[in-house]
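K.L.:
Before anything else, here's the structure in question.
The values are calculated or read from the model by the stated rules, or taken from the named source; none is laboratory data. On a predicted model such as this, the values are computed, not experimentally measured, just so you know. Positions of Cβ are generated from backbone atoms using ideal geometry, with glycine treated the same way; all protein chains shown enter the neighbour counts. Calculation scope for accessible area: heavy atoms of the full protein, side chains included, ligands and nucleic acids excluded. Shrake-Rupley method; radii C 1.70, N 1.55, O 1.52, S 1.80 Å.
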Amino acid sequence: MPESVPVRCPACRRAHRYTAPSYPCPCGAPVAPPLDPDAVPVPVGHRAWREEWVAVRCGRCGRDGEWPRPELGCPCGTVLRIPVAGPRTAAPAAPAGRPAFRSVPVRPARDAVTAAVLYLRRLGHEDVRRADRRLPAGIGLTGPGVLALVDPSARPATPRDVECLWLTAMTESVRCLYFSLAGYAEDARARADALDVPLFLLGPAGVPRPVNGPAEALDADAA
């Protein structure tokens, strides 16, 4: 079971109970960051990409992975970073075989990135990180052999968005995927089909849904 710790907001002194979220390791075991019950939560101010992740070791296969750092939103408006203890294993789980995809609810852009990272790991891309190269739209994620674009904007993706991602992937000789919260224009889907770019829609539940042929084929292979 994911562990739970008491948390008191330093801004308003409101008491909370925080339960660490679990994420699926590629081996199938749920992995939860180990919480430090004796440390004091820190309000989140300036955000840095490297501070958004914490290393956690899987208790089933011993694999070290990077997972979203635990945070709690207090009703007073303060976001608290929950302290994490040193590396520790998570609870063993799951029978052999490929597990069902576990998701995170998608609210801000950060959640969309987390959902995309989890899905890419599900596809076998374990070493996924923020891309150094800026893309024209959204947030780039990269790993060995893959480049993904997470587009959290409120407008549907355009053919130009798809083409820019495809061209960037072509220059790096990697596969590309597109994750969008707002969906895709019809001509963007047609362009993606022609370029063999998988398109995924990120709904509120955080489960990437394939919306074109290349994405459906990729999702079927993963299943």
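K.L.:
Filter region 22-36 down to residues that are assigned to a loop (DSSP other than H, G, I, E, B) and touching a Pro at 6+ places or on another chain (Cβ under 7 Å) and give me whichever is surrounded by the fewest Cβ atoms within 10 Å (Cβ to Cβ).
P.N.:
Going through the qualifying residues, I end up with 36.
K.L.:
Here is a further query. Could you list, in sequence order, the residues of region 62-84 that are open to solvent by 20 Å² or more (accessible area, probe 1.4 Å), part of a strand (DSSP E or B) and hydrophobic (A, V, I, L, M, F, W, C)?
P.N.:
72, 79, 84
K.L.:
Just checking, how many residues over region 180-194 are closer than 9 Å to residue 162 by Cα and open to solvent by less than 40 Å² (accessible area, probe 1.4 Å)?
P.N.:
Number of matching residues: 2.
K.L.:
Okay, next question. Every residue in region 195-221 that is open to solvent by less than 10 Å² (accessible area, probe 1.4 Å) and either over 21 Å from residue 152 (Cβ atoms) or in contact (Cβ under 8 Å) with a residue 60 or more places away in the chain (or both), please.
P.N.:
The answer is 200, 202, 206, 208.
K.L.:
If you take just the strands (runs of 3 or more DSSP E) that sit entirely in region 158-223, which of them hold at least 3 residues that are charged (D, E, K, R)?
P.N.:
In region 158-223, there are no strands (runs of 3 or more DSSP E) which contain 3 or more residues that are charged (D, E, K, R).
K.L.:
Which condition does residue 161 not pass, out of (1) crowded, with 18+ Cβ neighbours inside 10 Å; (2) within 24 Å of residue 55 (Cβ to Cβ); (3) modelled with pLDDT of 85 or more, if it passes all the others?
P.N.:
All conditions pass for residue 161, except number (2).
K.L.:
Keeping to region 134-157, report how many residues are more than 24 Å from residue 55 (Cα to Cα) and in a loop (DSSP other than H, G, I, E, B).
P.N.:
Selection size over region 134-157: 10.
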